[in-house]
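K.L.:
The structure follows.
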Amino acid sequence: MRFGSVDRGYDAAAREPLFALSPIPLWLEDYSGVKALIDGWRADGVTDIRAFLAEDLSRVAASSQAIRILAVNQKVLDLFGARDLDDLRANVGEIFRNDMLLSHLEEVAQLFEGGTEFASLAANYTLTGKRLDVQLKARILPGHEDDWSCVLLSTEDVTEREQARRRAAESEEYARGLFDHSPVSLWVEDFSAVRELIEGVRDSGVSDFRVFVDVHPEFVQRCLSEIRVIDVNRHTLELFCAPSREALTDQLDSIFRDAMEQHFKEQLIDLWNGKLFQQREVVNYSLKGDELHVHMQFSVFPGHEHDWSLVQVALTDITARKRAEAYLEFLGKHDALTKLYNRSFFIDELNRLERKRATSVTIIVADLNGLKTVNDTLGHAAGDGLLRRAGEVLQKAVARPSCAARIGGDEFVILMPMASEVEGAAMMETLENLVEINNQFYSSERLSFALGMATAQAGERLEDVVKLADERMYAAKRALYETGAVPERRQPGH
């Protein structure tokens, strides 16, 4: 119980009209028993009263039971639904229960520390069982400081306020839960400094902002550095491989860099034009250096349109999709086995060079010798291995702006724009040298090409040049067969 024995006498304070007529519930209580307990604990050497009481709540209960109620006003009876003082006293255990001990612990601690006043927020209950949140304030009345025999307390009903506070806290916790556990990366940022920079440019008389940022790339960098990150959720830390929010915000320059700058420039242009909600695909980087493709949704929070001080950025990871798209695009232009360009790309590139050709173009046609024999005798797996080796050699030999493509089962072509016949001959020599090096690492099938080269003359169509290089390749192949130089399968140990 919250209170022990009761003194039915009223002192002068209880007889004051203001006590009876107060619009606030008022109590007169005798805390002399509490003082005796506190003095005993202090004599026993207790210094940390909160830890001492929390260690054994029966000490708090003992203090509560040592309090004697002297008087209450009508507002107390009305608040707790008691018929009269006797009804209140008879049911005081129903009023002060459950977590009331914890609030009384704080009251005792404040008195222990030398105060003559104390306050706490407590939970009481009406006699019908309804919970009441009350703001308790108390003061030892003048003349009773030595024995605490007369303490005036008020219990203001703050249930509505506390319920609103709890609802707000629950709502905030719910919103925080949605934020923290969202399956997309969420950022809350302050763009107010960015807005000031943009408005400064506008005030200086600039009308074409796109031209301005093209001419002043350092302005984009400045704006990027002025973004202040207020908060991020858990998925953001996982996506960007950050151990903590602090680690992430301390290394923003590692995340927003390189390819990100072009996307951010477009974002600034949209902001200049008043577009406060934006969507676009951008590139960021994790703290491990991995490139991240994300779909970004940028929105200025309602009520902050005037200063952009609160902005939400939602990032959806589309890296896997982008990789799949890139792979599909790769397959559309490349041969899956050799990783060289395919016939479709070769034709498109040939047509492009035909339309834009202003200088010489050299074309080399290469035919892989002995592929059919390997397929027939050792199987297509061995033939595929030989083709992969051919691709490795051609990739090593050919660099941009030249390109190599597989245009048939065993036929390859090298397009060399802006290359002379001398440069073409040097490429053929490089290929032969790389083939010999490649053969040193394999003990079975030898790699060998039959090569033909032609260089386009002024006014000559590239399609005709390809045919000429093809004819010369076949001539070289016939010569190899006539001399018996076509490679055969190498026996183990040879």
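The values are calculated or read from the model by the stated rules, or taken from the named source; none is laboratory data. In this text, all values refer to a predicted model and were calculated from it rather than measured experimentally. We place every Cβ from the backbone using ideal geometry, glycine too, and count neighbours over all the protein chains shown. The area values use the complete protein model at the heavy-atom level, side chains included, leaving out ligands, DNA and RNA. Shrake-Rupley method; radii C 1.70, N 1.55, O 1.52, S 1.80 Å.
K.L.:
At 1.4 Å probe size, with every protein chain present, just tell me what the per residue accessible area of the chain comes to in Å².
P.N.:
Normalised by residue count, the accessible surface of the chain is 52 Å².
K.L.:
Tell me the carbon and sulfur percent of the accessible area for the chain, rounded to whole percent, probe radius 1.4 Å.
P.N.:
The nonpolar share, carbon plus sulfur, comes to 51 percent.
K.L.:
Can you compute the charge dipole magnitude of the chain about its Cα centre, using +1 on each Lys and Arg Cβ and -1 on each Asp and Glu Cβ, nothing else charged? Give it in debye, rounded to the nearest 20.
P.N.:
The calculation lands at about 1620 debye.
K.L.:
Moving on. Remind me, relative contact order of the stretch 290-363 in percent, using alpha carbon pairs under 8 angstrom and six or more residues apart?
P.N.:
Taking the mean separation of contacting Cα pairs over the length of the stretch 290-363, I get 21 percent.
K.L.:
Okay, next question. Can you flag which of Lys35/Lys75; Lys75/Lys137; Lys372/Lys396 are past 19 Å Cα-Cα? Write down the numbers at each step before the final one.
P.N.:
On the way: Lys35/Lys75 28 Å; Lys75/Lys137 15 Å; Lys372/Lys396 24 Å.
Listed pairs above 19 Å: Lys35/Lys75; Lys372/Lys396.
K.L.:
Right, another one. Rounded, prolate or oblate: pick one for the chain, where a ≥ b ≥ c are the square roots of the eigenvalues of its C-alpha gyration tensor, a/c under 1.5 means rounded, and failing that, prolate if a/b is larger than b/c, else oblate.
P.N.:
Here the chain falls in the prolate category.
K.L.:
With +1 on each Lys and Arg Cβ and -1 on each Asp and Glu Cβ, how big is the dipole of the stretch 206-332 about its Cα centre, in debye rounded to the nearest 20? Could you put the intermediate results ahead of the total?
P.N.:
Working: 13 positive and 21 negative charges, 46 e Å.
That gives the stretch 206-332 a dipole magnitude of about 220 debye.
K.L.:
Under the rule a/c < 1.5 gives rounded, and otherwise a/b versus b/c splits prolate from oblate, where does the stretch 75-199 land using the Cα gyration tensor? Display every interim value, and only then the final one.
P.N.:
Details: a/c = 3.27, a/b = 1.98, b/c = 1.65.
Prolate shape, in that a/c is at least 1.5 and a/b is the bigger ratio.
K.L.:
Let me ask you something else. List the lysines whose Cα sits under 25 Å from the Cα of Lys265, skipping any in the same chain fewer than 8 residues away.
P.N.:
Partners found: Lys275, Lys288, Lys322.
K.L.:
Please work out whether the stretch 244-395 counts as rounded, prolate or oblate from its C-alpha gyration tensor, where a ≥ b ≥ c are the square roots of the eigenvalues and a/c under 1.5 means rounded, while otherwise a/b larger than b/c means prolate and anything else oblate?
P.N.:
prolate
K.L.:
Any idea which of Phe412, Thr455, Ala469 is furthest toward the positive side of the dipole for the stretch 342-494, if Lys and Arg beta-carbons carry +1 and Asp and Glu beta-carbons -1?
P.N.:
Going by the Cα projections, it comes out as Phe412.
K.L.:
Show the residues, 5+ positions off or on another chain, whose built amide H is closer than 5 Å to the amide H of Arg228.
P.N.:
Answer set, sorted by chain and number: Asp190.
K.L.:
Moving on to the next point. Relative contact order of the chain, please, whole-number percent, based on alpha carbon pairs below 8 angstrom and at least 6 residues apart.
P.N.:
Details: 775 pairs, mean separation 46.7, N = 494.
In percent, rounded to a whole number, it is 9.
K.L.:
Ignoring GluC sites (Glu not before Pro) that are buried or in helix or strand per DSSP, and keeping those with at most 16 other beta carbon atoms within 10 Å, what is the longest stretch of the chain between them?
P.N.:
306-459
K.L.:
Sum up the charges of everything whose Cβ sits under 13 Å from the Cβ of Ala419, counting Lys and Arg as +1 and Asp and Glu as -1, but leave Ala419 out.
P.N.:
Value of the local net charge: 0.
K.L.:
Percent relative contact order of the stretch 26-178, based on C-alpha pairs within less than 8 angstrom and at least six residues apart?
P.N.:
Once normalised by length, the contact order is 26 percent.
K.L.:
Within a Cβ distance under 9 Å of Leu136, other residues only, what is the Lys/Arg minus Asp/Glu net charge? Intermediate values should be presented prior to the final figure.
P.N.:
Details: positive: Lys137; negative: Glu107, Glu156.
Within the 9 Å Cβ shell, the charges total -1.
K.L.:
Here's another thing I want to ask about it. On the principal axes of its Cα set, how long, how wide and how thick is the stretch 17-148? Give whole Å, largest value first.
P.N.:
Computed over the stretch 17-148, the largest-to-smallest principal extents equal 45, 33, 22 Å.
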